[in-house]
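Before any comments, here is the structure.
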Amino acid sequence: MTPDHEPDALRDQYPPYAPPPETQRLIDELYREELREARAMPPEQKLLLGEELFAYACSITMAGIRNQFPEADEAEQRRILEQRLELQRKLEGRA
């Protein structure tokens, strides 16, 4: 069989995953609980949690940078992180 007759795996479309109804109900209830907790939180706590989330995201990104550029020293890794953050700001139209 020639390659023209083989299925193109990149073009195969699979239906999106749908969890069983009981699992979906649990997911929905957990999400509603998170929303209730977030809405009850004072603004100061939301601000602090936002800062923690940003620091966590930066640490994950830095781990990826260290993996991608193992020869780079800490200063170079931070410069790459700053470039990526600046690119994100530009893409969001904030720069």
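The values are calculated or read from the model by the stated rules, or taken from the named source; none is laboratory data. What you are looking at is a predicted structure, and each value in this text was computed from that prediction instead of being measured. Quick reminder, even Gly has a Cβ in these numbers, built from the backbone with ideal geometry, and neighbours come from all protein chains shown. Accessible surface areas use protein heavy atoms only, side chains included; no ligands, DNA or RNA. Shrake-Rupley method; radii C 1.70, N 1.55, O 1.52, S 1.80 Å.
Does Leu81 fit the bill of being on the phi < 0 side of the Ramachandran plot, in contact with a Ser or Thr (Cβ under 7 Å, 6 or more places away or on another chain) and not hydroxyl-bearing (Ser, Thr, Tyr)? Write out each step before concluding.
On the way: on the phi < 0 side of the Ramachandran plot: yes; in contact with a Ser or Thr (Cβ under 7 Å, 6 or more places away or on another chain): yes; not hydroxyl-bearing (Ser, Thr, Tyr): yes.
Answer is yes for this residue.
Without any contact (Cβ under 8 Å) to a residue 24 or more places away in the chain, charged (D, E, K, R) and surrounded by 10 or more Cβ atoms within 10 Å (Cβ to Cβ): is that true of Arg89 in this structure? Walk me through how you get there before you give the answer.
Numbers: without any contact (Cβ under 8 Å) to a residue 24 or more places away in the chain: yes; charged (D, E, K, R): yes; surrounded by 10 or more Cβ atoms within 10 Å (Cβ to Cβ): yes.
In short, yes.
The residue list Glu52, Glu74, Glu29 contains one member that is out of contact with any Pro (no Cβ under 9 Å at 6 or more places or on another chain) and open to solvent by 100 Å² or more (accessible area, probe 1.4 Å), which is Glu52. Any residue in segment 43-57 that is at positive phi sitting within a Cβ distance under 8 Å of a residue that is at pLDDT below 95 and surrounded by 10 or more Cβ atoms within 10 Å (Cβ to Cβ)? List the pairs, counting only those 6 or more apart or interchain. Close Cβ pairs (under 8 Å, with a partner that is at pLDDT below 95 and surrounded by 10 or more Cβ atoms within 10 Å (Cβ to Cβ)) do not exist here.
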